[in-house]
Amino acid sequence: MQKLSSNPKERTAALFAESARVKQALLEGSHIDTLVDMSEVIADSIAAGGKLLICGNGGSAADSQHLAAELLVRLRTEVSRDGIPALALAMESSTMTACCNDYSFEAMFERMVNTLGNPKDVLLGITTSGKSLNVIRALRAARAKGMRGLGFLGCDGGPTLQECDLAFIAPSHVTGRIQEAHITAGHALLELVEDRLFLLGHISRQDEAE
C-alpha cells in the first residue's frame, strides 16, 4: 500500500501529479483510437434515429447524467445546435428505488435497457472497477436487443470488458484517478460525436444558419 504523506500540501501535489500521469498515459497505446471508434458508433447510431443510453453507479452515475446533459443541451459554449438524444439511466429516485425494491439492485439498469432501448441505440456503461453487476447485466441486455455496448472502465476492465464491443480503460487502480480520466475522455468523446454529426449533416450549427 502506498504510504501517505502527513503534509497536506505534499499530498495534494502528489494527487495532481498522479492525475496528470494517468492522463498522459492516455496518449499512449490505443486509447485515442478507441475513443474515435466509439464516437463513430454513437454518431452513426444517432444519425440513424437512435440514442445514447448511459449507466453507472455513484460517481459514475453522476458522470452519466453530466454527459447526457451535455448532449441534450450544450457541450461547447461556442457551438449552438439542436439537442442530441441521450439518456442517463440513473434517473429519479422513484424509478430506481422501485426497481431495487421490487426486483433487485442488479436488475435496475437491465430493466431500463429492456424497456427503453431499441436496436438502433447505443449503451455506454461506466464502472471504475469493471465489476458492477448492474452495468454488466445492462450491457448483456443491450446485446440481446441488438444494441452496441460500450464501456468506460478502470483497473484491468474486469468482467465488464467482455460484455463491451469497445472499451476505454483508464490506466489506474485508484477510483478518483479513474473518474478524472473518465470525465476527460467523456468530454473528448462527445466533442468527436458532435463533430461527426456535423460532418454527416445530421445536425447543423444554429449560429451558422442564422
Quiz item: Across region 181-195, which residue is surrounded by the fewest Cβ atoms within 10 Å (Cβ to Cβ) among those that are among the charged types (D, E, K, R) and under 11 Å from Glu40 (Cα atoms)?
Solution: Asp195
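Would you check if there is a residue in region 105-114 being buried (at least 18 other Cβ atoms within 10 Å of the Cβ), in contact (Cβ under 8 Å) with a residue 24 or more places away in the chain and of a type in the set (Gly, Ala, Ser)? Please lay out each step first, then the result.
Just the residues of region 105-114 that are buried (at least 18 other Cβ atoms within 10 Å of the Cβ), to begin with: 107-113.
Cutting the leftovers down to in contact (Cβ under 8 Å) with a residue 24 or more places away in the chain gives us 107-110, 112-113.
Restricting the remaining residues to those that are of a type in the set (Gly, Ala, Ser) gives 107.
Yes, that holds for at least one residue.
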Quiz item: Given (1) modelled with pLDDT of 95 or more; (2) over 16 Å from Arg196 (Cβ atoms); (3) not in a helix (DSSP H, G or I), where does Glu78 come up short, assuming only one miss?
Solution: (1)
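Please verify whether Glu78 is surrounded by fewer than 16 Cβ atoms within 10 Å (Cβ to Cβ) and more than 19 Å from Leu161 (Cβ to Cβ), treating the condition exactly as stated. Lay out the reasoning, then the answer.
On the way: surrounded by fewer than 16 Cβ atoms within 10 Å (Cβ to Cβ): yes; more than 19 Å from Leu161 (Cβ to Cβ): yes.
Spelling it out, Glu78 is indeed surrounded by fewer than 16 Cβ atoms within 10 Å (Cβ to Cβ) and more than 19 Å from Leu161 (Cβ to Cβ).
Could you grab me the full set of residues in region 81-108 that are of a type in the set (Val, Ile, Thr) and either more than 17 Å from Ile42 (Cα to Cα) or not in a loop (DSSP other than H, G, I, E, B) (or both)? It would help to see each step written out before you state the result.
Step one: list which residues in region 81-108 are of a type in the set (Val, Ile, Thr), which gives 84, 95, 97.
Hits for region 81-108 are Thr95, Thr97.
Leu150 - would you say it is over 15 Å from Val22 (Cβ atoms) and in contact with a Leu (Cβ under 7 Å, 6 or more places away or on another chain)? Quick ask: steps written out before the conclusion?
Numbers: over 15 Å from Val22 (Cβ atoms): yes; in contact with a Leu (Cβ under 7 Å, 6 or more places away or on another chain): yes.
Against the criterion (over 15 Å from Val22 (Cβ atoms) and in contact with a Leu (Cβ under 7 Å, 6 or more places away or on another chain)), Leu150 qualifies.
Quick one: would you say Ile32 is in contact (Cβ under 8 Å) with a residue 12 or more places away in the chain, on the phi < 0 side of the Ramachandran plot and aliphatic (A, V, I, L, M)?
Taking the combined requirement at face value, the residue does not satisfy it.
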Practice problem: Answer yes if at least one residue in region 147-170 is surrounded by fewer than 24 Cβ atoms within 10 Å (Cβ to Cβ), at pLDDT 95 or above and more than 20 Å from Thr34 (Cβ to Cβ), and no otherwise. | Solution: no
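Residue under question is Gly29, and the condition is that it be more than 13 Å from the chain's Cα centre (by Cα), at pLDDT 95 or above, part of a loop (DSSP other than H, G, I, E, B) and of a type outside the set (D, E, K, R); does it hold?
Numbers: more than 13 Å from the chain's Cα centre (by Cα): yes; at pLDDT 95 or above: no; part of a loop (DSSP other than H, G, I, E, B): yes; of a type outside the set (D, E, K, R): yes.
Taking the combined requirement at face value, the residue does not satisfy it.
Taking region 33-46, which residues are over 15 Å from the mean Cα position of the chain (by Cα) and either surrounded by fewer than 16 Cβ atoms within 10 Å (Cβ to Cβ) or in a strand (DSSP E or B) (or both)? Please lay out each step first, then the result.
Just the residues of region 33-46 that are over 15 Å from the mean Cα position of the chain (by Cα), to begin with: 33, 44-46.
Scanning region 33-46 gives a single hit, Asp33.
If you go through region 115-138 one residue at a time, how many are in a helix (DSSP H, G or I) and surrounded by 15 or more Cβ atoms within 10 Å (Cβ to Cβ)?
Of the residues in region 115-138, the ones in a helix (DSSP H, G or I) are 115-116, 133-138.
Imposing the further condition that a residue be surrounded by 15 or more Cβ atoms within 10 Å (Cβ to Cβ) reduces the set to 133-138.
Going through region 115-138 one residue at a time, the tally reaches 6.
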Quiz prompt | Close pairs (6 angstrom Cβ cut-off, 6 or more residues apart or separate chains): within 13 Å of Arg74 (Cα to Cα) and at pLDDT 75 or above in region 193-204, part of a helix (DSSP H, G or I) and of a type in the set (Ser, Thr, Tyr) anywhere | solution = Val193/Ser39
Self-check item: Among (1) closer than 20 Å to Gln24 by Cα; (2) within 12 Å of the chain's Cα centre (by Cα); (3) of a type outside the set (A, V, I, L, M, F, W, C), the one test that Gly125 misses
Solution: (1)
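Kindly establish whether Ala48 is under 30 Å from Gly201 (Cβ atoms) and in contact (Cβ under 8 Å) with a residue 24 or more places away in the chain. Walk me through how you get there before you give the answer.
Numbers: under 30 Å from Gly201 (Cβ atoms): yes; in contact (Cβ under 8 Å) with a residue 24 or more places away in the chain: yes.
Spelling it out, Ala48 is indeed under 30 Å from Gly201 (Cβ atoms) and in contact (Cβ under 8 Å) with a residue 24 or more places away in the chain.
The values are calculated or read from the model by the stated rules, or taken from the named source; none is laboratory data. What you see is a predicted model; the values in this text were computed from it and never measured. Don't worry about glycine lacking a Cβ; one is built from the backbone with ideal geometry, like all the others, and counts go over all protein chains shown.
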